[in-house]
Structures are given as C-alpha cells and as structure tokens.
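Written out below as structure tokens is the structure these notes cover.
The values are calculated or read from the model by the stated rules, or taken from the named source; none is laboratory data. Note that the structure is predicted; figures quoted are calculated from it, not measured. Cβ coordinates were reconstructed from backbone atoms using ideal geometry, including for glycine residues, and neighbour counts include every protein chain displayed. Please note that ligands, DNA and RNA were not included when accessible areas were found on the heavy atoms of the full protein model with its side chains. Shrake-Rupley method; radii C 1.70, N 1.55, O 1.52, S 1.80 Å.
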Amino acid sequence: MPVITLTTDWNKEDFYIGAVKGTIYSQCENATVVDITHQIKPFNIYQAAFILKNTFRFYPQGTIHIIGVKTEAYKDHQYMAAELNGQYFLGTDNGLFSLLFRDDDNVNYVSLDYELSSFPVLDVFAKVACKLIQGEKFSILGKEVKEVERRVPLRATIDETSIIGSIVHIDSFQNAISNVSRDLFNRIGKERPFKIYVQSNHYVISKINNSYQETSIGELLAIFNSLNLLEVAINGGNAAELLNLDTNSTIRIKFR
C-alpha cells in the first residue's frame with residue numbers, strides 16, 4: 001500500500017489537513033497518509049528539514065513525502081519534486097532541499113510547472129503525489145533541475161580546546177538537541193576532561209551519561225542521543241523550559 005507523509009507548519013485543528021487528506025483519498029484511495037508532524041514553527045525550514053531527514057530513511061521505497069512549510073512559489077523559487085533511493089519529496093525550492101539531503105546523496109530534481117497557488121499542498125503536491133502512485137514516472141513530472149536554492153546549516157565552530165555548538169531542536173520532553181556530533185566531540189576532545197557550559201557559565205556539565213537514569217531526578221545531564229548528537233536534558237524535568245533554551249541557544253565545551 002503506497003504511503004504519503006505530511007510534514008507541515010499548520011495548526012492541527014485547522015481545516016488544511018482534512019482538505020489535503022480528502023483530496024488524496026479522492027484521487028488515490030489506496031494510499032495511506034501518515035502525519036509526520038504538523039507542529040513545525042511557521043516557515044521554519046530548518047526545523048522541518050531536521051525532523052524529516054531523521055525520519056524519511058525509515059520509510060520504504062515508493063514513499064512520497066509532502067513538505068508543507070514555506071510553500072509559496074515566486075521568481076526562481078518554484079514547486080519541485082526530488083527523488084532519492086526510490087523515495088519522493090514534494091515541496092518548494094526555498095532552501096529546504098539543501099538542508100534535507102547530505103552532499104553525497106544522489107538526488108534527482110524536477111521542477112513542477114503548475115500555476116501559482118495560495119494552497120500548493122492541496123492544488124499541486126497532493127495531485128503530483130497521486131500521479132506518482134498511479135504510475136507516472138518521476139522523470140516526466142517536470143523539467144530536470146541541476147541546482148537548488150541553498151541554505152547553510154548551523155555548524156559547530158571548533159579550535160584545539162573547545163567546541164561552540166547550537167541547539168537545533170527541542171523535543172517532546174523539552175530536551176535540547178545540539179549540532180555537536182559524537183564524532184566531533186571525540187575528535188576534538190581526545191579523551192580529555194571537559195566542561196559543557198549550557199547558555200551561560202551558570203549551568204555546567206562535566207560528564208557524558210550513557211543513560212538518563214545515571215543522573216538523579218531533577219539534575220542536569222548531557223547524553224549522546226539516538227542520532228549521535230549531544231543532548232542536554234534534566235532527568236524527569238523540562239530542560240529547555242527551565243533553562244530558557246530554544247533553537248540557536250549556545251553550548252560551549254571546553255577541554256583541558
């Protein structure tokens with residue numbers, strides 16, 4: 001059964017989700033529609049890319065991902081379809097595709113030649129998704145595109161004794177996920193003692209947990225999560241809320 005996913009910045013109580021699902025089921029009733037999330041912050045392509053890139057690789061070939069974030073098309077920012085390893089991605093060329101894929105991913109792009117719409121997820125992407133499900137080849141959806149709009153992802157800065165990273169995502173438990181990878185931490189740290197300063201010199205962590213429960217309830221901790229990214233959390237608490245952390249908040253790691 002073909003799968004279509006939705007990733008949007010819509011309020012889940014609004015009519016948009018119902019309208020899009022109704023359109024999809026009317027045109028390809030054998031499809032299954034999966035909501036990845038409708039809680040992206042408005043127009044935040046960085047958050048949308050982070051969630052989708054850590055999600056889509058778990059889906060089977062043939063899955064179609066509709067990205068309903070910052071979808072307005074204008075000038076060179078056109079509606080676009082992408083294909084990677086048998087999965088398809090429908091969105092607008094607003095920089096999100098450059099954040100979604102790795103540089104070494106062999107991605108194919110085509111532009112979608114549709115009239116401008118105030119609701120392109122409904123008027124364009126849902127229709128294109130059903131065309132793919134009904135057997136239309138990706139290559140004839142539109143004109144091949146070699147270059148897409150590029151955005152620079154947030155990267156940690158380093159020197160011989162420190163890493164300065166940023167919070168890139170706040171999860172459902174108010175844990176703050178940074179852009180500091182385990183590989184980067186090990187490469188710069190070289191097994192030296194360290195201190196992690198969260199937002200300021202007031203909140204300091206000097207060990208990496210293997211599990212959340214290693215730290216007492218209510219205590220601040222750092223752990224490498226399932227994405228192998230450094231995460232700041234409070235055991236049984238809400239770290240982002242209590243420490244006033246948000247995306248772009250800073251963490252500093254100093255090695256002796």
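Within region 74-96, residues that are under 16 Å from ASP123 (Cβ atoms) reach partners that are among the polar types (S, T, N, Q) with beta carbons closer than 6 Å, at six or more positions or on different chains, in the pairs GLN78/SER111; TYR79/THR92; MET80/SER111; THR92/THR71. Taking only pairs six or more apart or across chains, which ones have beta-carbon atoms under 6 Å, a first residue in region 15-41 that is among the polar types (S, T, N, Q), and a second residue that is part of a helix (DSSP H, G or I) and open to solvent by 30 Å² or more (accessible area, probe 1.4 Å)? Partner pairs satisfying both residue conditions: THR23/LEU122; THR37/ILE51. Scanning region 142-182 for residues that are touching a Ser or Thr at 6+ places or on another chain (Cβ under 9 Å) and in a loop (DSSP other than H, G, I, E, B) returns GLY142, LYS143, VAL148, GLU149, ARG150, ARG151, VAL152, PRO153, LEU154, ARG155, ALA156. Take the conditions open to solvent by 40 Å² or more (accessible area, probe 1.4 Å), in contact (Cβ under 8 Å) with a residue 40 or more places away in the chain and of a type in the set (D, E, K, R) and apply them to LYS146. Does it pass? No, not satisfied. The single residue among ILE67, ILE51, ILE36 that is under 28 Å from LEU154 (Cβ atoms), within 12 Å of the chain's Cα centre (by Cα) and part of a helix (DSSP H, G or I) turns out to be ILE51. Scanning region 84-137 for residues that are more than 24 Å from the chain's Cα centre (by Cα) and of a type in the set (Gly, Ala, Ser), we see that the one that is surrounded by the fewest Cβ atoms within 10 Å (Cβ to Cβ) is GLY135. Remark: pairs (first residue in region 174-191, more than 21 Å from ILE51 (Cβ to Cβ) and surrounded by fewer than 14 Cβ atoms within 10 Å (Cβ to Cβ); second residue modelled with pLDDT of 95 or more and not charged (D, E, K, R); Cβ separation under 7 Å; 6+ apart in sequence or on different chains) are absent. If you go through region 195-210 and pick out every residue that is open to solvent by less than 70 Å² (accessible area, probe 1.4 Å) and within 24 Å of the chain's Cα centre (by Cα), you end up with 1.
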